[in-house]
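Before any comments, here is the structure.
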Amino acid sequence: MRTTTCINEAWRFVKHADSTASAWASQGEPVDLPHTWNAEDGQDGGNDYHRGTCWYCKKLLVPELKQGQQVYLEFMGAAMTAEVYVNGVKLLRHEGGYSTFRVNITDQLRDENRLVVAVENSDSNTVYPQRADFTFYGGLYRSVNLILVPESHFELDYCGTPGIKVTPAVNLETQRAIVTVETWQVKADAVTMKIDGQTKTVPSVDGYAKAEFSIENVHLWDGLDDPYLYTAEASLPDGDQISARFGCRSFLVDPHKGFFLNGRSYPLRGVSRHQDFKGVGNALAMAHHVQDMEI
């Protein structure tokens, strides 16, 4: 069975260090995540905020593993590049401050583990965006999770994706939707998928499985009027399970008439929202997101 544990508490932030060893040896500043080192200087209008490499350190305890069990760290956002070290061994470098990424740490684990993450927001010619009219905040500004999965599990290594993809195709005339579900898995011979009371078990070939479902009298996702979502579930014989919520809708864009949702004109109105807040930078807690949505 998969378990996911948030490990946002009890980190040490080290602003200046020469190496992972010196960062670990430094006293640093106790912090909880989400965190950015530009919460103040990134918002004072001076355009002289700190850009460089800073370090996050944490003692990591992992429960006793069952045979074949795998352990991943999941980073929901590290700006703008990150290098992950476990017990002094560099396991991953990730470039891009706005995407989830994961790293398998199983082979490096001990009874007590030293986790060090070097995060950098320096000016770069390889990481986008390169120029902008906003602050390039640095830090672990979203949650970090510890994920334990059985030896047979849904894929976790590909670009932070969940291992499941759902594609609905709606026919408005027949009020029917054909929903294609695709999954990627490790060491599994078959996958069981469920949607809207229907269940199908399909073979896994080279780590890939696919099934189609037909939903009659489909309940449409209809924007703000009725944002209805279905749930697709997938499971493996050894117990790993994942799910994805999705909406069934038809849409098109006419170059002269604009956007159409479910066969009717639907004007799009958006807002240029940045993930930042006074005094905390981009390291928003859920309460900050909710406050923004209530505007």
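Could you check, for region 212-230, whether at least one of its residues is closer than 30 Å to Gly263 by Cβ, polar (S, T, N, Q) and free of Cβ contacts under 8 Å to residues at least 60 places away in the same chain? There is at least one residue in region 212-230 that is closer than 30 Å to Gly263 by Cβ, polar (S, T, N, Q) and free of Cβ contacts under 8 Å to residues at least 60 places away in the same chain. With respect to being of a type in the set (Phe, Trp, Tyr), farther than 20 Å from Leu172 by Cα and at pLDDT 95 or above, Tyr208 fits the description.
Of everything listed in (1) surrounded by fewer than 18 Cβ atoms within 10 Å (Cβ to Cβ); (2) among the acidic types (Asp, Glu); (3) in a strand (DSSP E or B), the single unmet condition for Asp48 is (3). Taken residue by residue, region 251-270 has no member that is over 22 Å from the mean Cα position of the chain (by Cα), closer than 29 Å to His50 by Cβ and outside the structural domain of Val170 (by TED's automatic domain parsing). Among the residues of region 252-270, is there at least one that is free of Cβ contacts under 8 Å to residues at least 24 places away in the same chain, hydrophobic (A, V, I, L, M, F, W, C) and surrounded by 12 or more Cβ atoms within 10 Å (Cβ to Cβ)? So far as region 252-270 goes, yes, one or more of its residues are free of Cβ contacts under 8 Å to residues at least 24 places away in the same chain, hydrophobic (A, V, I, L, M, F, W, C) and surrounded by 12 or more Cβ atoms within 10 Å (Cβ to Cβ). Counting only strands (runs of 3 or more DSSP E) wholly contained in region 75-131, the ones carrying 2 or more residues that are among the charged types (D, E, K, R) and either more than 22 Å from Thr36 (Cα to Cα) or in contact with a strand residue (DSSP E or B) (Cβ under 8 Å, 6 or more places away or on another chain) (or both) occupy 89-95, 113-120. With respect to the stated conditions, Asp225 fails to be under 16 Å from Glu155 (Cβ atoms) and loosely packed, with under 14 Cβ neighbours inside 10 Å.
Checked against (1) surrounded by fewer than 19 Cβ atoms within 10 Å (Cβ to Cβ); (2) over 30 Å from Arg269 (Cβ atoms); (3) not small (Gly, Ala, Ser), Glu173 passes all but a single condition, namely (2). Scanning region 1-39 for residues being part of a loop (DSSP other than H, G, I, E, B) and within 26 Å of the chain's Cα centre (by Cα) gives a total of 15. Taken over region 132-145, the criterion of being in contact with a Ser or Thr (Cβ under 7 Å, 6 or more places away or on another chain) and either surrounded by fewer than 16 Cβ atoms within 10 Å (Cβ to Cβ) or in a strand (DSSP E or B) (or both) is satisfied by Gly139, Asn145. For region 142-162, the criterion of being without any contact (Cβ under 8 Å) to a residue 40 or more places away in the chain, out of contact with any Leu (no Cβ under 8 Å at 6 or more places or on another chain) and more than 28 Å from Arg102 (Cα to Cα) is met by none of the residues. The residue that is surrounded by the most Cβ atoms within 10 Å (Cβ to Cβ), counting only those in region 146-164 that are farther than 13 Å from Tyr72 by Cα and among the hydroxyl-bearing types (Ser, Thr, Tyr), is Ser152. Looking across region 77-96, the residues that are buried (at least 18 other Cβ atoms within 10 Å of the Cβ) and either of a type in the set (A, V, I, L, M) or in contact (Cβ under 8 Å) with a residue 60 or more places away in the chain (or both) come down to Gly77, Ala78, Ala79, Met80, Ala82, Val84, Tyr85, Val86. Against the list (1) surrounded by 14 or more Cβ atoms within 10 Å (Cβ to Cβ); (2) not in a loop (DSSP other than H, G, I, E, B), the condition Thr167 fails is (1).
Checked against the criterion of being of a type outside the set (Phe, Trp, Tyr), under 25 Å from Phe75 (Cα atoms) and surrounded by fewer than 18 Cβ atoms within 10 Å (Cβ to Cβ), the candidates Lys187, Lys200 yield just one match: Lys187. Before we move on, is Val71 assigned to a strand (DSSP E or B) and over 15 Å from Asp276 (Cβ atoms)? When the stated conditions are applied, Val71 passes them.
Among the residues of region 99-127, those that are free of Cβ contacts under 8 Å to residues at least 60 places away in the same chain and surrounded by 13 or more Cβ atoms within 10 Å (Cβ to Cβ) comprise Phe101, Arg102, Val103, Asn104, Ile105, Thr106, Gln108, Leu109, Asn113, Leu115, Ser124, Val127.
The values are calculated or read from the model by the stated rules, or taken from the named source; none is laboratory data. Everything numeric in this text was worked out from a predicted model, so none of it was measured. In this analysis, Cβ positions are derived from the backbone assuming ideal geometry, glycine residues included, and neighbour counts consider all displayed protein chains.
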